[in-house]
Amino acid sequence: MRRRFRVYCLLLLAIMSGCDTTDGNPLPVIALIGDSTVTAEKGWGAAFAEVLNGRAMVHNFAVGGRSAKSFSEEGRLPAALATRPDYVFIQFGHNGQPGKGAYRETDPNGSYRDYMNQFVTDIRATGAEPIIVSSLTRRHFNDDGRIVSTLYPWAAGARAVANERGVAFVNLHARSVAYHTRVGREGSTVFGYAPGDHTHLSDQGARIVAGLIFDALADINHPLAELRPQ
């Protein structure tokens with residue numbers, strides 16, 4: 001409740017003062033950590049920030065090719081925390097799968113949860129609120145038009161950590177699977193970052209995914225949902 005009240009107050013102050021997203025303003029600060037599906041170039045990060053333009057400051061520290069393991073062991077979290085965020089979104093899973101190499105692979109029931117738990121601990125130690133996001137689905141379809149996902153174990157691991165630690169959870173995996181199943185193979189072609197790419201996002205795809213994230217935030221009554229323009 002206290003954090004929700006703070007977000008409302010900051011938004012009201014920003015509107016009244018006409019301040020922009022520059023250093024020293026009172027806007028909420030959000031940091032994003034994750035893999036390429038979160039980056040500004042190939043993921044939903046830029047579209048998410050665009051929705052919040054003038055309402056929050058968004059710093060994107062997602063890096064392509066990273067898993068929860070490699071992101072952590074490369075020591076990348078401190079840079080995100082140095083921005084003194086109010087919220088940190090955490091999304092990993094794609095690069096933790098088998099075949100990605102020992103320096104990235106994670107066990108969704110073991111090491112993946114360990115790294116996610118450590119992110120939560122380190123983020124909370126700064127006074128920021130972690131928000132766990134399950135992995136965006138890849139766009140592979142069955143003959144019956146349903147999404148075939150190999151990311152369910154990591155999505156389940158993300159949910160388990162969120163439940164155990166009392167962390168806000170955005171089930172982007174389930175929402176993206178449902179969305180692509182609804183629009184089908186043909187309707188999903190607009191998402192492709194490049195021909196034959198079934199993972200990364202075009203600008204249009206990124207905007208749709210950002211909308212799914214805000215829908216999820218609204219469903220869990222998270223105060224950040226109030227920052228989306230009506």
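The values are calculated or read from the model by the stated rules, or taken from the named source; none is laboratory data. Owing to the predicted nature of the structure, the values given are computational and were not obtained by experimental measurement. Using ideal geometry, Cβ is built from the backbone for each residue, glycine included, and neighbour counts are taken over all protein chains shown. Side chains are part of the model used for accessible areas, which takes the heavy atoms of the whole protein and leaves out ligands, DNA and RNA. Shrake-Rupley method; radii C 1.70, N 1.55, O 1.52, S 1.80 Å.
Worth pointing out:
- The chain: angle of helix 203-219 to the longest principal axis, Cα-based, in degrees nearest 10: 70 degrees
- Accessible area expressed per residue, the stretch 105-208, with surrounding protein chains retained (probe 1.4 Å, Å²): 46 Å²
- Pairs of Cα atoms nearer than 8 Å and 6+ residues apart set the relative contact order; for the chain it is 20 percent.
- Pairwise Cα separations in the stretch 11-160 fall into 5 Å bins from 0 onward with the following percentages, short to long: 2, 10, 18, 20, 18, 13, 8, 6, 3, 1, 0.
- Translational diffusion of the stretch 50-93, µm² s⁻¹ [Kirkwood Rh, Cα pairs; Stokes-Einstein; 25 °C; 0.890 mPa s]: 209 µm²/s
- For the stretch 28-71, the extents of the C-alpha atoms along the principal axes are 32, 19, 8 Å, listed from largest to smallest.
- Secondary structure note: in the chain, about 10% of the DSSP beta bridges are antiparallel.
- Rg in Å to one decimal, and Dmax rounded to a whole Å, for the stretch 149-201 via C-alpha atoms: 13.6, 40
- Three-way shape label, the stretch 88-145, alpha-carbon gyration tensor, a/c 1.5: oblate
- Taking the 1.4 Å solvent-accessible surface of the chain as the whole, the part contributed by carbon and sulfur is 50%.
- Kirkwood Rh, Cα atoms: Rg over Rh of the stretch 118-230: 1.01
- Computed from label points 7 Å out along Cα-Cβ, the spacing between A79 and Q230 is 3.9 nm.
- Helix 172-187 axis, angle to the chain major axis (alpha carbon atoms, nearest 10°): 60 degrees
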